[in-house]
Amino acid sequence: MLEIGIVGGSGYGAIELMRLLNQHKEVKIKYVFSHSKSGDDIKETYPHLQDNINVPFSSLDVDKVDCDLIFFATPSNVSKHFIPKLIKRGIKVIDLSGDFRLKDPAVYEKYYGEKPAEQSVLDEAEYSLAEWSNINKNSTNVIANPGCFPTAILLSLHPLLENNLINKESIIIDAKTGVSGAGRSLSQNAHFGEANENFSAYKIGTHKHTPEIEQYLSQVSGSDIKVMFTPHLVPMTRGILATIYVDLNEHMTGEALYNLYSKIYEEKPFVRIRALGELPKTKEVLGSNFCDIGIYVDEERNKAVIVAVIDNLVKGASGQAIQNMNILYGFNENEGLNLLPVYP
Ligand SMILES: NC(=O)C1=CN([C@@H]2O[C@H](COP(=O)(O)OP(=O)(O)OC[C@H]3O[C@@H](n4cnc5c(N)ncnc54)[C@H](OP(=O)(O)O)[C@@H]3O)[C@@H](O)[C@H]2O)C=CC1
Ligand SMILES: CC(=O)N[C@@H](CCC(=O)OP(=O)(O)O)C(=O)O
């Protein structure tokens, strides 16, 4: 059994890790670390976990912790202070935060407003969009789990850039998220009175996921890619829907693009290409690790519109982190993640 620890224990990402790992056949949750609730019984904070997660919240001591792998489900500017020591002690790490996603420290500093991680660890960290992962059990010690918006967006755009099908300057991304994307701690935007019956765009041009998206797409295409990315907050708890507009390089039918996506994702169990004419809805992936993608080609205007949905807390965070763990250790990629969406 792989022994694991979870940091950020009382947050949404950690709770979702516990829900999913509880039915994973290859792992045992040895520690749930919490800096605010150390010593408390988990069920005092989360009664719904009663009798299922039987370890107390504890404090992380990097010199004493003894397990194989640690998930960090903490805000940015936390994991980078612990990870260098942990990997020196032979403990692998999957980081759900953004601390190790951006390779250029100056870009991290600009978008996160904080000092970047130690350069050597930043260099060795693997950004792992699970469907296109390069991780390897022998050499990977730190996995940077992608952000929630980038997950839906990069799975949608990867096939187009890899096959040089679009004008690289034409990418416009209009994305919507539910409020759980902001985490469990209180913030004015996620407050019921602000979010309920309301709909707003935010952080245009300044969102930290813009450079993350550009970094990945530039690697796939082999040239410098810039995108227009506008996130929106919608009054729902979970879910992301990204609508992506691109100019096609050459005339293409909807059927041809659908066939290309279907072939590319044929062997990837968590990406479902929806039938032509069908557009996915957030509830159709709720609680699951699926990313559903719908395709539309406007043949008159030579444009394609790709619509992708994920559950931000599963495929956008904890589910993908477990998928990455499965790939890293050679477990069945579906292990712990064989969940159909909750509907309605
Ligand atoms: N919510 C989402 O949809 C997604 C989140 N992410 C990323 O995953 C990470 C976790 O997100 P999420 O669970 O939603 O966030 P939450 O705010 O719900 O939880 C984060 C937890 O981290 C712990 N924490 C907070 N501050 C500190 C600190 N200074 N030092 C140590 N621990 C701290 C707290 O738990 P405790 O007090 O118990 O230690 C807190 O509950 C974030 O980096 C987020 O950006 C990524 C993709 C999607
Ligand atoms: C609603 C809301 O605030 N969503 C968050 C989602 C970010 C996230 O969770 O991803 P990271 O891991 O990159 O922080 C945001 O837009 O910043």
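The values are calculated or read from the model by the stated rules, or taken from the named source; none is laboratory data. Everything numeric in this text was worked out from a predicted model, so none of it was measured. Using ideal geometry, Cβ is built from the backbone for each residue, glycine included, and neighbour counts are taken over all protein chains shown. For accessibility, only protein heavy atoms count, side chains too; no ligands or nucleic acids. Shrake-Rupley method; radii C 1.70, N 1.55, O 1.52, S 1.80 Å.
When segment 266-300 is filtered for residues that are over 21 Å from the mean Cα position of the chain (by Cα) and of a type in the set (Val, Ile, Thr), the ones remaining, listed by number, are Ile295, Val297. Checked against the criterion of being closer than 26 Å to Cys148 by Cα and charged (D, E, K, R), the candidates Lys64, Lys80 yield just one match: Lys80.
Residues in segment 170-190 that are within 8 Å of ligand 2 (Cβ to nearest atom), within 17 Å of the chain's Cα centre (by Cα) and either on the phi < 0 side of the Ramachandran plot or not assigned by TED's automatic domain parsing to the domain that holds Ile306 (or both): Thr177, Gly178, Val179, Ser180, Gly181, Ala182.
Count of segment 2-50 residues, restricted to those that are among the β-branched types (Val, Ile, Thr), in a strand (DSSP E or B) and either farther than 26 Å from Asn334 by Cβ or in contact (Cβ under 8 Å) with a residue 40 or more places away in the chain (or both), is 4.
Just the residues that are touching a Leu at 6+ places or on another chain (Cβ under 9 Å) and either open to solvent by 10 Å² or more (accessible area, probe 1.4 Å) or assigned by TED's automatic domain parsing to the domain that holds Gln215 (or both), please, taken from segment 65-90. Passing the criteria: Cys67, Asp68, Ala73, Thr74, Lys80, Phe82.
Every condition in (1) surrounded by fewer than 20 Cβ atoms within 10 Å (Cβ to Cβ); (2) in contact (Cβ under 8 Å) with a residue 24 or more places away in the chain; (3) basic (Lys, Arg) holds for Lys315 except the one numbered (1). When Asp40 is tested against the conditions (1) farther than 22 Å from Glu212 by Cβ; (2) touching a helix residue (DSSP H, G or I) at 6+ places or on another chain (Cβ under 9 Å); (3) not aliphatic (A, V, I, L, M), the lone failure is (2).
With a requirement of 3 or more residues that are crowded, with 22+ Cβ neighbours inside 10 Å and touching a strand residue (DSSP E or B) at 6+ places or on another chain (Cβ under 9 Å), the helices (runs of 4 or more DSSP H) lying completely within segment 131-230 that satisfy it span 148-162, 209-221.
Across segment 276-292, the number of residues qualifying as acidic (Asp, Glu) and open to solvent by less than 30 Å² (accessible area, probe 1.4 Å) comes to 1.
Of the residues making up segment 245-255, just one is part of a helix (DSSP H, G or I) and surrounded by 15 or more Cβ atoms within 10 Å (Cβ to Cβ), namely Gly254.
Checked against the criteria, Tyr216 does not count as more than 18 Å from the chain's Cα centre (by Cα) and away from ligand 2 (no atom under 12 Å from the Cβ).
Matching residues to (1) more than 17 Å from Ser59 (Cβ to Cβ); (2) of a type outside the set (Val, Ile, Thr); (3) within 14 Å of ligand 1 (Cβ to nearest atom); (4) within 19 Å of the chain's Cα centre (by Cα):
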{"site": "Ala14", "(1), (2), (3), (4)": "no, yes, yes, yes"}
{"site": "Gln23", "(1), (2), (3), (4)": "yes, yes, no, no"}
{"site": "Lys28", "(1), (2), (3), (4)": "yes, yes, no, no"}
{"site": "Ser38", "(1), (2), (3), (4)": "no, yes, yes, no"}
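Residues in segment 102-113 that are open to solvent by 10 Å² or more (accessible area, probe 1.4 Å) and not in a helix (DSSP H, G or I): Lys103, Asp104, Gly113.
Any idea which of Ala73, Ala130, Ala106, Ala125 is at pLDDT 95 or above, hydrophobic (A, V, I, L, M, F, W, C) and within 13 Å of ligand 2 (Cβ to nearest atom)? Answer to the selection: Ala73. In the set (1) in a strand (DSSP E or B); (2) over 21 Å from the mean Cα position of the chain (by Cα), Lys263 fails one condition alone, (1).
A quick yes/no check of all residues on (1) within 16 Å of ligand 2 (Cβ to nearest atom); (2) part of a loop (DSSP other than H, G, I, E, B); (3) farther than 26 Å from Tyr329 by Cβ:
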position: Asn52; (1), (2), (3): no, yes, no
position: Lys64; (1), (2), (3): no, yes, no
position: Asn77; (1), (2), (3): yes, yes, yes
position: Leu86; (1), (2), (3): no, no, no
position: Gly98; (1), (2), (3): yes, yes, no
position: Ala117; (1), (2), (3): yes, yes, no
